[in-house]
Amino acid sequence: MKPTRIAFVAADDSEALEALARLTARYPNVAGDTADIVVALGGDGFMLQTLHRHMGRDVAIYGMNRGSIGFLMNGYSEDRLVERLERASPVRLHPLRMRTRTVDGREQEALAINEVSLLRETRQAAKIRIRIDGVARLDELICDGVMVATPAGSTAYNLSAHGPIIPIGVGLLALTPISAFRPRRWRGALLPQGALVELEILEPAKRPVSATADHTEVRDVLTVTISQVSDLSVTMLFDPEHNLEERILKEQFAP
């Protein structure tokens, strides 16, 4: 895409802020709410914050790594940036919507680009009932937790929990247990992206559970529903020689 108005944003650390100063000295910089492309300088966490900030807007996000892992970022270079942006490949991501109800009746919503995860709050293992599209698939999962991950998030926490890596564009979500105790051999499931996942906490007073959508946490949940938001999206830009689809494919062959 041809960039006309570029906004630079940076994480609050020295490496990212120094890069911001150098880039804004070389290239025109506009306010984020008027930009066609936002160049985010930082790590994956800052990229997620930037994506959430611009969710639903007609703007593309191009990240350059000034953090550690940088899976969602492009390599950092100050040269020929406009040409890189013109050549970049777009990837449109749809977030998950998490709806929670707590034991005291409070209701809350949050969006997740990577995953929605449930985790036990105490030494007691969680007990969770899982329904998919209204059908009970597991009456009782005893575990440290469970998550629903998008393809973009499947190589993050989901992969660490031994969940499957999902290629971009295949229309699937990963339902992955975290340290399942019973049923011990259940390793999760692949779900169509339109599935409605309902998670009910059993024995919530004795076995409290928290729910997190990316960086939004809700404590002491009683029920959590998770679904993909088809009418809301955010666009990321990647260098064509190292785009997100290639990165996810490459992860499946990592030693």
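The values are calculated or read from the model by the stated rules, or taken from the named source; none is laboratory data. These figures come from a predicted structure and were not determined experimentally. Methodologically, a virtual Cβ is constructed for each residue, glycine included, from the backbone with ideal geometry; neighbour enumeration extends over all protein chains shown.
See the values below:
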quantity: Out of D104, D139, D79, sole residue that is among the charged types (D, E, K, R) and closer than 24 Å to L175 by Cβ; calculated: D139
quantity: Residue list for the stretch 58-84, filter: touching a residue at least 40 places away in the same chain (Cβ under 8 Å) and among the polar types (S, T, N, Q); calculated: N74
quantity: Residues being more than 17 Å from R57 (Cβ to Cβ) and not small (G, A, S) - total across the stretch 218-235; calculated: 10
quantity: Some residue of the stretch 10-24 being touching a Leu at 6+ places or on another chain (Cβ under 8 Å) and either within 21 Å of V234 (Cα to Cα) or β-branched (V, I, T) (or both); calculated: yes
quantity: Positions within the stretch 8-35 being hydrophobic (A, V, I, L, M, F, W, C) and under 16 Å from N74 (Cβ atoms), in sequence order; calculated: F8, V9, A10, A11, A16, A19, L20, L23
quantity: Failed item in (1) without any contact (Cβ under 8 Å) to a residue 40 or more places away in the chain; (2) over 17 Å from I166 (Cα atoms); (3) not assigned by TED's automatic domain parsing to the domain that holds A125, with E246 passing the rest; calculated: (2)
quantity: From the options R87, R99, R129, residue that is farther than 15 Å from V209 by Cα and in contact (Cβ under 8 Å) with a residue 24 or more places away in the chain; calculated: R87
quantity: Residue within the stretch 76-83 that is part of a strand (DSSP E or B) and aliphatic (A, V, I, L, M) present; calculated: no
quantity: Lone unmet requirement of (1) among the acidic types (D, E); (2) closer than 30 Å to D36 by Cβ; (3) in a strand (DSSP E or B) for E245; calculated: (3)
quantity: Meets criteria (part of a helix (DSSP H, G or I), over 29 Å from A174 (Cβ atoms) and touching a strand residue (DSSP E or B) at 6+ places or on another chain (Cβ under 7 Å)) for L51; calculated: no
quantity: In the stretch 159-185, the residues that are part of a loop (DSSP other than H, G, I, E, B) and within 29 Å of R92 (Cβ to Cβ); calculated: A161, H162, G163, P164, I165, I166, P167, I168, G169, V170, G171
quantity: Tally of residues being within 17 Å of the chain's Cα centre (by Cα) and not in a strand (DSSP E or B) across the stretch 195-222; calculated: 2
